[in-house]
């Protein structure tokens with residue numbers, strides 16, 4: 001039996017699958033295969049996130065490319081027997097197509113994976129992040145070798161600049177220009193920083209890369225350090241990302257031991273090392289200048305960027321700071337060439353973008369798509385559409401600073417400029433899908449509430465503006481909205497957007513501005529009619545059962561935690577005095593018979 | 001290099017801050033968190049102005065905006081005034097009873113809004129001047145605490161600070177008079193701490209805390225300092241000078 005026939009069992013050990021005990025599956029595989037007295041040679045690996053978190057724990061078997069979903073430790077025996085020893089498939093563990101309900105064997109036949117193009121995630125889910133040889137087997141560190149031994153500093157900068165790579169942290173500044181400007185400053189020492197302080201609610205792109213493929217980030221940073229002439233690097237990872245920190249610490253050790261970090265890297269005479277800095281969990285520290293302040297040991301507050309970090313960054317020295325995903329793109333560009341990278345994506349946004357697709361979609365998970373893919377395709381093809389086939393309402397991109405994009409803008413292409421035009425932003429890549437059971441006023445309030453605790457509070461428009469906008473939104477949501485509130489909201493939003501000190505403040509009003517732009521009638525229903533059309537804001541909601549539509553199945557009555565639904569005469573009805581508006585009856589009813597009304601004043 | 005501010009041509013050095021250039025040329029830009037003696041931070045945003053460059057306009061904070069090339073600056077465009085009004089409105093909602101902010105409301109024709117919940121005891125606008133002053137004296141007795149809308153100025157853990165010497169620099173620089181110093185019966189009370197006040201050897205007035213007196217003299221390496229208030233110190237210095245000059249006349 002040669003190596004080609006050797007089977008690889010890839011057990012996903014990303015955070016989603018781990019929380020569903022995929023470590024037990026991994027341990028079981030290892031134990032069972034070690035004890036097997038058969039001439040089957042199979043390699044078992046725990047990998048980073050394989051993407052389709054919704055169906056985890058995932059197990060992928062190569063080279064046949066069989067994907068098993070929701071695997072339990074108890075399933076391991078059957079998989080070994082049928083698939084590893086035999087060449088059979090365990091039908092019940094396959095992914096079942098959302099429409100045809102048929103089992104799909106291979107991952108590339110699944111809609112979720114089909115439209116994707118993996119560059120930053122090229123190794124995530126494929127290699128064992130704790131094994132540097134696995135990375136090297138995937139051409140790892142060959143880009144560094146190429147730059148250090150065959151090419152020059154200028155070559156690296158030229159390639160990155162020509163590739164058109166833009167910063168993946170959200171702002172989209174051209175990476176090549178950033179490097180070139182920093183390289184031109186003569187002041188020393190210089191620094192390289194990786195921003196892994198991912199804090200957006202529902203985002204897990206960066207952690208997945210650090211957890212699943214830490215060496216690509218190390219390699220990217222080392223190439224940049226060589227190009228600009230830096231000898232020290234910092235990896236800023238938020239402390240909650242335990243697995244990311246642990247995998248990265250391990251990877252750094254291995255890279256040092258293998259001569260890819262430290263003194264005289266690959267015999268080139270170039271020294272570089274990276275230190276991990278653990279972030280304290282302040283969202284604002286994802287802002288580059290606040291992050292730098294935090295590394296320096298000061299309070300994580302941003303400063304104005306009239307002088308850029310690449311001139312005066314860490315300890316006022318020239319610094320290149322890039323996001324995790326940006327760094328992971330670098331080795332690919334150097335290896336494959338700027339042209340190949342530049343062919344992917346749109347004219348102004350090259351390459352791919354990683355998103356964490358979450359919310360009310362069928363296939364939640366980690367995806368990477370070419371820039372320029374229409375939002376509709378991401379949500380309905382890759383994401384598989386809305387849960388329970390409900391109606392799509394909006395998608396929130398770009399984290400708390402992003403905006404909500406409605407149905408009629410779903411055909412815009414996802415790239416830096418189109419999203420900005422629609423009032424949202426690329427951000428670092430959070431994508432939260434909402435259905436008709438989401439109240440957009442409540443969504444705006446949720447984000448403002450998040451920001452009210454996460455703004456650094458340094459400048460007046462951001463701190464006081466967010467506080468007051470939140471106050472207005474709280475009032476609107478509980479039926480105390482007043483005439484003139486929307487105008488006041490807009491007035492404050494405009495000032496916060498323009499007059500705030502940093503990027504967080506300048507984008508903080510986006511949830512308010514976009515929901516006001518696309519869902520104004522929902523605000524008006526709250527204020528004037530004292531009614532929450534989505535049935536979310538409890539003070540403004542009442543439920544009733546449409547007796548024409550009700551078939552009397554009684555499911556809602558069984559689901560109701562308050563026992564507020566009972567049969568009266570012939571029909572089911574809701575007792576308003578008991579109802580807490582949790583909405584479980586709506587979610588249960590198959591006939592759409594539960595209707596949402598406005599506030600009913602209980603005397 | 002020359003820049004134009006509100007139509008007036010002004011000389012400027014590369015790297016100089018816009019606010020300083022404007023001030024030197026008699027152009028008034030409102031500020032709350034700015035003091036010449038302390039580095040600018042751009043917290044209050046009152047000093048925002050519009051900079052026109054390469055056909056584009058952008059809003060910058062003049063106290064920390066370094067001039068790099070000849071630009072045109074407008075300090076009072078309708079856009080800027082509108083934003084300043086909103087800022088004053090937000091401030092007035094934060095510190096509803098503060099005289100300084102009330103005057104700003106009058107100046108900008110802002111009616112203190114009725115819409116928001118208010119705390120009549122709040123006087124601090126969190127401009128951080130006090131913290132910067134304390135840092136400058138190298139005491140670091142106070143700092144900002146918390147973040148977001150719960151941010152405040154305080155001593156570590158709201159307890160009496162070990163390093164506070166009761167010098168009162170924080171209160172002196174405060175633009176809204178939010179920091180109160182209570183001097184009573186030979187004692188000073190501030191930041192939850194009490195200090196012994198010293199009497200001037202000459203006039204007998206209380207004038208500073210013992211901690212402050214000792215700290216300053218230590219910094220100045222003054223071995224046997226006299227306990228004199230500022231006023232008496234000046235008189236003393238005058239007398240000394242007069243003595244010196246009178247010897248010259250002889």
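Every read-out reported here was derived from the displayed coordinates using simple, explicitly stated rules and does not represent laboratory data. None of the values given here were measured: they were computed from a predicted structure. Note: ideal-geometry Cβ built from the backbone for every residue, glycine included; neighbour counts use all protein chains shown.
Some notes on this structure:
- Per-pair calculated FRET efficiency, R0 = 35 Å: residue A:184 and residue A:347 via Cβ, rounded to 0.05: 0.80
- Segment residue A:177-residue A:249, length gained on full extension (0.36 nm per residue, minus Cα span): 22.9 nm
- Summarising the label geometry, the points placed 7 Å from Cα in the beta-carbon direction at residue B:187 and residue B:52 lie 6.2 nm from one another.
- Once the gyration tensor of the Cα atoms in the range A:541-597 is diagonalised, the equivalent ellipsoid follows with semi-axes of 15, 12, 11 Å, ordered largest first.
- Zero-based 10 Å bins, Cα pair distances in the range A:260-389, whole percents: 10, 25, 29, 27, 8, 1, 0
- Applying Stokes-Einstein at 4 °C and 1.567 mPa s to the Kirkwood radius of the range A:360-470, computed over alpha-carbon pairs, gives a translational diffusion coefficient of 88 µm² s⁻¹.
- Degrees separating the helix A:242-257 axis from the principal Cα axis of chain A, which is the longest one: 10
- Inter-site label distance for residue B:59 and residue B:36 at 7 Å from Cα along Cβ, in nm: 2.9
- Angle between chain B longest axis and helix B:78-94 axis [Cα atoms, degrees, rounded to 10]: 50
- Rounded Å value of the spacing that divides the Cα centres of the range B:40-61 and the range A:86-108: 59
- For chain A, relative contact order (Cα pairs under 8 Å, six or more residues apart, normalised by length) works out to 11 percent.
- Among beta bridges identified by DSSP and lying wholly in the protein assembly as shown, the antiparallel ones come to about 70 percent.
- Compactness ratio for the range A:45-89: Cα radius of gyration over 2.2 N^0.38 Å (N = residue count) comes to 1.13.
- Modelled FRET efficiency - R0 25 Å, residue B:145 with residue A:240, Cβ distances, 0.05 increments: 0.65
- Dimensions (Å) - the range A:3-110, Cα atoms, principal axes, largest first: 42, 28, 24
- Neighbour counts of C-beta atoms inside 10 Å place B:151, B:184 in the sequence B:184, B:151, starting with the fewest.
- Approximate spin-label separation residue B:237-residue B:74, in nm, with each point projected 7 Å along Cα-to-Cβ: 4.7
- Each listed q (0.11, 0.15, 0.16, 0.18 Å⁻¹) maps to a log10 I(q)/I(0) for chain B, found by the Debye formula over equal Cα scatterers with no solvent: -0.79, -1.11, -1.17, -1.29.
- By the Cα gyration tensor, the range B:129-244 has an equivalent ellipsoid whose semi-axes, rounded to whole angstrom, run 31, 15, 13 from largest to smallest.
- A Förster radius of 25 Å combined with the Cβ-Cβ distance from residue A:591 to residue A:528 puts the calculated FRET efficiency at roughly 0.20.
- For the range A:440-527, the fraction of C-alpha pairs more than 20 angstrom apart is 24%.
- Once C-alpha pairs closer than 8 Å and six or more residues apart are averaged by separation and normalised to the residue number of the range A:3-110, the relative contact order reads 28 percent.
- In units of the compact-protein estimate 2.2 N^0.38 Å, the protein assembly as shown shows a Cα radius of gyration of 1.11.
- In percent, rounded to a whole number, the relative contact order of the range A:440-527 is 38, using alpha-carbon pairs under 8 Å and six or more apart.
- Between the C-alpha center of the range A:224-264 and that of the range A:153-202 there is a gap of 17 Å.
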